[in-house]
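Novice: For reference, the structure I am asking about is given below.
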Amino acid sequence: MNKNDFSCVRAMDVRWGDMDALGHVNNATYLVYYESGRTFYGEELELLNPNLGRAGGVVAEATCVYRQQLHFPAKVDVCTRVSRIGNTSFDYTAALFYSDQDENPISTFKARMVCFDQKTQQKYRMPDEIRELIYSYEKIKPEM
């Protein structure tokens, strides 16, 4: 896995407050970085527009693999892509890299998202126009 596998790449600064008592970035903070990556992805495709209606999803399952320690100060890139599109769910695959490196991720992440309508509290089928938008955006085409 390398940075060039991703269409959505955003730079972030590691903050002093991201560290824990052991002097490295706290493991829970990685999940915040990946949440930011999902938000950046949604912004790039304009999926966060409230006028789109039910375009949201909720995290059903998440896995984070920690490959290296991360310390302050550092500049990192959070890289996010959709790797699978199902009927009512989709998978985000993401990685965190040092900004000056294209390989050897600091950590990797995968989340299963369920298309979920907050008003009805029910899952729903992903609209075809959003499927097509995601599929056309990705460098590595999602599994369908």
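The values are calculated or read from the model by the stated rules, or taken from the named source; none is laboratory data. Small disclaimer: the values here were computed from a predicted structure and weren't measured. We place every Cβ from the backbone using ideal geometry, glycine too, and count neighbours over all the protein chains shown.
Novice: For PHE72, which of the numbered conditions (1) among the hydrophobic types (A, V, I, L, M, F, W, C); (2) in a strand (DSSP E or B); (3) under 17 Å from ASP13 (Cβ atoms) fails to hold?
Specialist: Against the list (1) among the hydrophobic types (A, V, I, L, M, F, W, C); (2) in a strand (DSSP E or B); (3) under 17 Å from ASP13 (Cβ atoms), PHE72 comes up short only on (2).
Novice: Still on this model: Among the polar types (S, T, N, Q), part of a helix (DSSP H, G or I) and at pLDDT below 95: does that describe THR29?
Specialist: Details: among the polar types (S, T, N, Q): yes; part of a helix (DSSP H, G or I): yes; at pLDDT below 95: no.
No.
Novice: Would you list the strands (runs of 3 or more DSSP E) that sit entirely within the range 75-144 and hold 2 or more residues that are in contact with a Lys or Arg (Cβ under 8 Å, 6 or more places away or on another chain), surrounded by 18 or more Cβ atoms within 10 Å (Cβ to Cβ) and of a type in the set (Val, Ile, Thr)? First the steps, then the outcome.
Specialist: Values: elements: 75-85, 89-98, 107-117.
Hits in the range 75-144: 75-85.
Novice: Go through the range 120-142 and count every residue that is touching a residue at least 60 places away in the same chain (Cβ under 8 Å) and over 18 Å from ARG38 (Cα atoms).
Specialist: Taking the range 120-142 and keeping what is touching a residue at least 60 places away in the same chain (Cβ under 8 Å), we get 124, 127, 130, 133-134, 137-140, 142.
Within this subset, residues satisfying the condition of being over 18 Å from ARG38 (Cα atoms) are 124, 127.
Adding up the residues that qualify gives 2.
Novice: Can I ask one more? Somewhere in the range 39-60, is a residue in contact with a Phe, Trp or Tyr (Cβ under 7 Å, 6 or more places away or on another chain), assigned to a strand (DSSP E or B) and closer than 18 Å to ALA11 by Cβ?
Specialist: So in the range 39-60, the residues in contact with a Phe, Trp or Tyr (Cβ under 7 Å, 6 or more places away or on another chain) come out as 45, 54, 56-58.
Among the residues that remain, those that are also assigned to a strand (DSSP E or B) are: 57-58.
Filter once more, so that each one left must be closer than 18 Å to ALA11 by Cβ: none.
No, the conditions are met nowhere in the range 39-60.
Novice: Further, regarding this structure: Please determine, by comparing only the residues of the range 3-26 that are at pLDDT 95 or above and assigned to a loop (DSSP other than H, G, I, E, B), which one is farthest from PRO142 (Cα to Cα).
Specialist: Among those that are at pLDDT 95 or above and assigned to a loop (DSSP other than H, G, I, E, B), it is ARG15.
Novice: Can you tell me how many residues within the range 106-133 are β-branched (Val, Ile, Thr) and modelled with pLDDT of 95 or more? So that I can check it myself, show each step before the final result.
Specialist: Looking only at the range 106-133, we keep the residues that are β-branched (Val, Ile, Thr), and these are 106, 108, 114, 120, 130.
Keeping just the survivors that are modelled with pLDDT of 95 or more gives 106, 108, 114.
The qualifying residues number 3.
Novice: Right, another one. Which one of GLY42, GLY23, GLY17 is free of Cβ contacts under 8 Å to residues at least 40 places away in the same chain and exposed (fewer than 13 other Cβ atoms within 10 Å of the Cβ)?
Specialist: Working: GLY42 fails: exposed (fewer than 13 other Cβ atoms within 10 Å of the Cβ); GLY23 fails: free of Cβ contacts under 8 Å to residues at least 40 places away in the same chain.
Of GLY42, GLY23, GLY17, the one residue that is free of Cβ contacts under 8 Å to residues at least 40 places away in the same chain and exposed (fewer than 13 other Cβ atoms within 10 Å of the Cβ) is GLY17.
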